[in-house]
Amino acid sequence: MLLSLQIENFALIDRLELDFGSGLHVLTGETGAGKSIILDAIDAALGGKVTSRAVRTGAERASVEATFRIDPAMKNWLDIEQIDPLDGSLLVCTREIVASGSGQRNRSRVNGVLVNKQQMESLRDRLVEITAQGQTVQLGQPSLQRNWLDSYGGATLLKQRDRVGQALSVYQQASQALDKRRHSEQQRLQQLDLFEYQLRELNVANLSDPDEIEQLEQERKRLGHSVELQQQSYEAYQSLYQNENGDDACSDLLGKARSLLTDMLRYDEQIQPILDLVTSALAQVEEAGQEINAYGDGLETDPQRLQEVEERIIELKQICRKYGPSLAEAIGLQQSLQAELEGLTGAGQSLEELEQTAHDRKTELTDVCAKLTHLRQTAAKDLENRLVAELKPLAMEKVQFQVGITPVSPTSAGADRITYLFSPNPGEPLQSLTETASGGEMSRFLLALQACFSQVDSVGTLVFDEIDVGVSGRVAQAIAEKLHHLSRQHQVLCVTHQPIVAAMADHHFHVDKQVIDFNGSEQATKGKKRKAKDASVEENGSAVDTPELRTVVRVSALDRQQRREELAQLAGGHSSDSTNGSGEDAASAFAESLLAQAASLRENGSVQVDHSASDTARKPRSTRVKAAKKT
């Protein structure tokens, strides 16, 4: 429930604070007085669209703050969004609009926490339902009619619609995969042949080691010079370890040096490090001699292996020229071709498999759409009965209403076209709502529809912007009673020009425009123009600027006497304190009767209003005087 509204520099409002309670609230005032601005401010606080004129002229920023008392369901939403309620049960929605040269910037907060547009839209749907005159045009939109029916159907129907959206998405993905395969089949087959040939050639080459060419080159050199290597290894062995020509080998010379150093050590211990070096060198030379001898013994001349190595090198170099330039890059291409080949074969799915998958997904989509259609048919029957029951008290006793459900191609919202069919007069066929209903009938239809939603919706605050436009007399009374009944279960805010509706209010606000000067003093706007002072007037030797006149919207809560005057003004165009003739007396009497009858309705139920008094109060002055004389 909306508890309070604070507005600053929004449109024509400089500063305004309003408190609300339970029951029915009405806002009255002259056309253009700014009543709808109040509702626009509520909408803005909940993330609604604002125009470039939202910031008051001359101000840099505007702000709107709406405070609500919340229920447990709303607390759950706050918990999910990780926002703490204020004082345990309050929610404060704040919207700040900053004007700039390039446009405007907006920031929304909930209990001081910055929130995005999606969060505000979700919050708005849970707090307030706004019904405005413009919706009579929207009533003709099939998508809106469908959304209203789905909302009426409740959580089960909405969940099924979500399943339809998911099933459609899955089917579209399968269908797109199938279409892509079909459209590119020729190119795919050509690429498949090429990739298979290239991969087969690379697989036959048995590639594994990117350094294989370098290793083969080394082996080819060794095999090609095996005889020279054997001879040279033998000569090195003789030089290091054993010389058959009678010359001393390196190991022999080192052995002699070690013997001499050993003798010298007996006389000088400083020789020890040198002796250690020679001893180590002798051991290394002997080891090297043994290894070179073993190396020479292991060398063999193998022409067949040499040929194999040369052929392998040629094969690998051809692979590198085609798929390289390096062997490492050829191996990388081999792995890439394998992945490409898997992709072209549909990751293991053939064309027939993709066709079967698409068929299965379409069948699943058809099934979930059929279930959604069944739920809509059930909801439609209930809505038809309830809506007709709500319309009958609104002076539409013979009305017929039907929700037409016709099949269409599946969309994310199902496979149904929803059309509201309407016939207000007996004997007339059901036709599209917008083609049949008058303006007053459309207003009553919207009110009745909202009354139906109120029975299944948890929204605490209902807002109606001139829902009673185009009606009068008995119909206006029926609308007033309907708003009263709604206000017993919901908080209701209503902008109206109907005195019968206004009389039913639990809280009555008057909205008007006033002119203020630069210093903030206010002037009533009753057709008189303020005369500006000369801008060059001297006061105490200083120039005084002409006060700047500004228009502002003011809202005041009315007591019973003020309400009687306001209702008389609405009914007859004159306040009840006028004494200019019997017409004004009739308006005053009618206003008093409305208040009394409204009180009786709140206590005892429906009452009958004397519409002749209303008609008298609305006649031109001369006619009203004559009518008063006759009575």
Candidate set: the range 226-257, residues that are more than 16 Å from GLY289 (Cβ to Cβ) and in contact with a Ser or Thr (Cβ under 9 Å, 6 or more places away or on another chain); chosen: the one surrounded by the fewest Cβ atoms within 10 Å (Cβ to Cβ):
VAL227
Exactly one of (1) surrounded by fewer than 17 Cβ atoms within 10 Å (Cβ to Cβ); (2) touching a residue at least 60 places away in the same chain (Cβ under 8 Å) is unmet by ASP193. Its number?
(2)
Answer with yes or no whether ALA476 is at pLDDT below 85 and not in a loop (DSSP other than H, G, I, E, B).
yes
Go through the range 67-161 and tell me which strands (runs of 3 or more DSSP E), entirely inside it, have 2 or more residues that are crowded, with 16+ Cβ neighbours inside 10 Å.
90-100, 103-110, 128-132
Considering each residue of the range 199-248, count those that are among the small types (Gly, Ala, Ser), closer than 30 Å to GLU329 by Cβ and at pLDDT below 80, and give that number.
1
Out of SER575, SER582, sole residue that is surrounded by 13 or more Cβ atoms within 10 Å (Cβ to Cβ), outside the structural domain of ASN9 (by TED's automatic domain parsing), at pLDDT below 60 and within 21 Å of GLY32 (Cα to Cα):
SER575
Go through the residues of the range 391-410 one by one and say whether even a single one is assigned to a loop (DSSP other than H, G, I, E, B) and among the polar types (S, T, N, Q).
no
Can you go through ALA281, ALA236, ALA294, ALA257 and tell me which one is of a type in the set (Gly, Ala, Ser), closer than 30 Å to ARG305 by Cβ and in contact (Cβ under 8 Å) with a residue 12 or more places away in the chain?
ALA236
What number of residues in the range 437-458 are assigned to a loop (DSSP other than H, G, I, E, B), surrounded by fewer than 21 Cβ atoms within 10 Å (Cβ to Cβ) and either modelled with pLDDT of 80 or more or in contact with a strand residue (DSSP E or B) (Cβ under 8 Å, 6 or more places away or on another chain) (or both)?
1
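Residues checked against (1) under 27 Å from the mean Cα position of the chain (by Cα); (2) over 13 Å from PHE509 (Cβ atoms):
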{"residue": "GLN6", "(1), (2)": "no, yes"}
{"residue": "ASP19", "(1), (2)": "no, no"}
{"residue": "ASP40", "(1), (2)": "yes, yes"}
{"residue": "THR51", "(1), (2)": "yes, yes"}
{"residue": "ARG61", "(1), (2)": "yes, yes"}
The number of residues in the range 405-459 that are under 27 Å from HIS374 (Cα atoms) and among the basic types (Lys, Arg) is 1
Filter the range 411-436 for residues that are among the β-branched types (Val, Ile, Thr) and either touching a residue at least 60 places away in the same chain (Cβ under 8 Å) or part of a strand (DSSP E or B) (or both); the one that is surrounded by the most Cβ atoms within 10 Å (Cβ to Cβ) is ILE418
Per the filter on the range 407-443, residues under 25 Å from VAL495 (Cβ atoms) and of a type in the set (A, V, I, L, M, F, W, C) are LEU433, ALA437, MET442
Consider ARG312 carefully, then state whether it is exposed (fewer than 13 other Cβ atoms within 10 Å of the Cβ) and assigned by TED's automatic domain parsing to the domain that holds ASP252.
no
Checking ASN203 against (1) out of contact with any Gly (no Cβ under 7 Å at 6 or more places or on another chain); (2) assigned to a helix (DSSP H, G or I); (3) of a type in the set (S, T, N, Q); (4) without any contact (Cβ under 8 Å) to a residue 60 or more places away in the chain, which single condition isn't satisfied?
(4)
Quick one: in the range 481-504, of everything that is more than 38 Å from the chain's Cα centre (by Cα) and aliphatic (A, V, I, L, M), which residue is farthest from GLN569 (Cα to Cα)?
MET504
Residue among ALA155, ALA62 that is aliphatic (A, V, I, L, M) and over 30 Å from VAL553 (Cα atoms):
ALA155
Which of the following residues is surrounded by 19 or more Cβ atoms within 10 Å (Cβ to Cβ), under 34 Å from the mean Cα position of the chain (by Cα), closer than 25 Å to GLY153 by Cα and modelled with pLDDT under 95: VAL403, VAL399, VAL408, VAL368?
VAL403
Counting only residues that are buried (at least 17 other Cβ atoms within 10 Å of the Cβ), out of contact with any helix residue (DSSP H, G or I) (no Cβ under 8 Å at 6 or more places or on another chain) and in a strand (DSSP E or B), the range 17-60 contains a total of 2
Filter the helices (runs of 4 or more DSSP H) completely within the range 216-331 down to those with at least 3 residues that are hydrophobic (A, V, I, L, M, F, W, C), in contact with a helix residue (DSSP H, G or I) (Cβ under 7 Å, 6 or more places away or on another chain) and under 30 Å from ALA205 (Cα atoms).
303-323
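The values are calculated or read from the model by the stated rules, or taken from the named source; none is laboratory data. Not measured: the values here are computed from a predicted model. Every residue, glycine as well, gets a Cβ built from its backbone with ideal geometry; the counts of neighbours run over all protein chains shown.
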